[in-house]
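A short worksheet on the structure shown next.
The values are calculated or read from the model by the stated rules, or taken from the named source; none is laboratory data. What you see is a predicted model; the values in this text were computed from it and never measured. Reconstructed Cβ throughout: ideal geometry from the backbone, glycine too, with neighbour counts over all protein chains shown. Surface accessibility is based on the protein's heavy atoms, side chains included, excluding ligands, DNA and RNA. Shrake-Rupley method; radii C 1.70, N 1.55, O 1.52, S 1.80 Å.
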Amino acid sequence: MTEKMEQIYKINLKIEKVIDVFLCIASVVMLAVNLAQVIFRYVFHASILWSEELSTYLYVWIILLSLYAAARERNELNIAIISFKKSKAVLSVNLIREVLSLVTCVALLAGSIIMIQNALAFPQKTASLNIITAYLYFCMPISFGLLSWVKLVNIIHDVLKLSGSDREDK
């Protein structure tokens, strides 16, 4: 394994730790808000107006940022249509899949940046939280940027394995 790849893996682990902390905090906040909403609705017969909106936005952030961990561990949803016995063939198919995924992530990253630019140019506020919607959309370029990064790392890893330069599986 090359020294640069070791550094990249260390960076990935640091990014994953930060994302894990954010995901834990966001999950606890979402759980607390939903629990408070249930208690207020059934015990006090009142409603917290902003709870559903906040829960929805937190849920979207949690889902999009969780994609990084899934991609890093290569646990994305896939359907095995063809199976190969030779590891080079499997690596080649994985490499093609990673390249296509990278192209998709870059396209989604570009689209999300354009969407945020439009949302900032014509600002709208959310109904109950009164937050500019563009700020809520920032999870998309962050997520797609991180996904593009991990896809690129996976491509480099697969190329090294195919060339025989990388013997250790990470």
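Does a label point 7 Å from the Cα of residue 62, set along Cα-to-beta-carbon, have any residues of the stretch 10-35 with amide nitrogen under 11 Å, and which are they?
Counting backbone N atoms under 11 Å from the label point, the list is 23-35.
I need the peptides 157-163, 43-49, 18-24, 82-88 ranked by packing, meaning the mean over residues of other C-beta atoms within 10 angstrom, with the highest value on top.
157-163, 18-24, 43-49, 82-88
Determine the share of the chain's accessible area contributed by carbon and sulfur atoms, expressed in whole percent, with a 1.4 angstrom probe.
69
What pairs from 17/125; 4/151; 14/151; 86/161 go past 20 Å between their alpha carbons?
Checking Cα-Cα distances, 17/125 exceed 20 Å.
Just to confirm the number: angle between the C-alpha axis of helix 87-121 and the first principal axis of the chain, 0 to 90 degrees, nearest 10?
For helix 87-121, the angle is close to 30 degrees.
Using Cα pairs closer than 8 Å and at least 6 residues apart in sequence, work out the relative contact order for the chain, in percent.
28
Tell me, in nm to one decimal, what length is gained between residue 110 and residue 39 on full extension, where the rule is 0.36 nm per residue of separation less the Cα-Cα distance?
21.4 nm
Might you tell me the accessible area per residue for the chain, computed with a 1.4 Å probe and given in Å²?
Value returned for the chain: 66 Å² of accessible area per residue.
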